[in-house]
1. Among the residues of the range 121-138, write down those that are free of Cβ contacts under 8 Å to residues at least 24 places away in the same chain, surrounded by 15 or more Cβ atoms within 10 Å (Cβ to Cβ) and assigned to a helix (DSSP H, G or I).
2. Among the residues of the range 140-150, which ones are surrounded by fewer than 16 Cβ atoms within 10 Å (Cβ to Cβ) and touching a residue at least 12 places away in the same chain (Cβ under 8 Å)?
3. Do we find a residue being part of a helix (DSSP H, G or I) and more than 24 Å from residue 58 (Cβ to Cβ) anywhere in the range 143-164?
4. Out of curiosity, is residue 55 modelled with pLDDT under 95 and buried (at least 19 other Cβ atoms within 10 Å of the Cβ)?
5. Could you check the range 146-166 and list, in sequence order, the residues that are over 20 Å from residue 95 (Cβ atoms) and among the β-branched types (Val, Ile, Thr)?
6. Here are 182, 98: which of them is at pLDDT 90 or above and in a helix (DSSP H, G or I)?
7. Would you mind telling me which numbered condition in (1) free of Cβ contacts under 8 Å to residues at least 12 places away in the same chain; (2) within 30 Å of residue 129 (Cβ to Cβ) residue 85 fails?
8. Could you identify the single residue in 20, 24 that is more than 24 Å from residue 143 (Cβ to Cβ) and not in a helix (DSSP H, G or I)?
Amino acid sequence: MKVADNSILSSPDNMMRFRIMRSIDRPLDKLTVKDICAAASISRDTFYRYFSSKYDIPVWHGKFVQSLYLDEAGRTIDLKTGYYHDFRLLAQEKEFYKNALRNFGRTIQEFPEMIAHRKEVLRDTIGEWNHIPITNEMEFCIDAYASLETLLVTRWLRDECQTSPEVFAEYMLSVVPRKIYKALDHRERKQG
């Protein structure tokens, strides 16, 4: 599993991204890039080397955390484990998300990069890894679920992770479309 390789977490690029991320101490709409740079003790050039805008920071972190566990669901781990560890890592940064998502000014439909990433991973895991055909019905399920998943996780983060990661993982499992759940379930593939 990728997360076992601590070099991902401690690479100089990711260390700088975390430094920038952790400098956010109030809502993004109340901060300028200049404020973020001052708080992180970096130059604007350094900021723009890692992010094209201040609004890219929560998107980067969300995709980064997904890459550690949730993207592995249906490949090397089960979906419940992927969700739990994904939500556990997101909850560790709930102060950041409280600030980043408060008055964010973007609706969930304006997170196309998160939805597109999740759809791509689901298609790849189901089709390439697990050799299940991506039919029109499966494509519909993937599209609908990636949007729903992103919406629910964003709401959970905006609510400052009031539901524990363990419980939220159970809630999320309860709304996974049956076709996707079966396509990602290791036990189903071993029996089939």
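The values are calculated or read from the model by the stated rules, or taken from the named source; none is laboratory data. Remember, predicted model here, so these are calculated numbers, not experimental data. Cβ coordinates were reconstructed from backbone atoms using ideal geometry, including for glycine residues, and neighbour counts include every protein chain displayed.
1. Of everything in the range 121-138, those that are free of Cβ contacts under 8 Å to residues at least 24 places away in the same chain, surrounded by 15 or more Cβ atoms within 10 Å (Cβ to Cβ) and assigned to a helix (DSSP H, G or I) turn out to be 123, 124, 127.
2. Those that are surrounded by fewer than 16 Cβ atoms within 10 Å (Cβ to Cβ) and touching a residue at least 12 places away in the same chain (Cβ under 8 Å): 143, 144.
3. Within the range 143-164, not a single residue is part of a helix (DSSP H, G or I) and more than 24 Å from residue 58 (Cβ to Cβ).
4. no
5. Residue satisfying the conditions is 150 alone.
6. Unique residue meeting the criteria: 182.
7. (1)
8. 24
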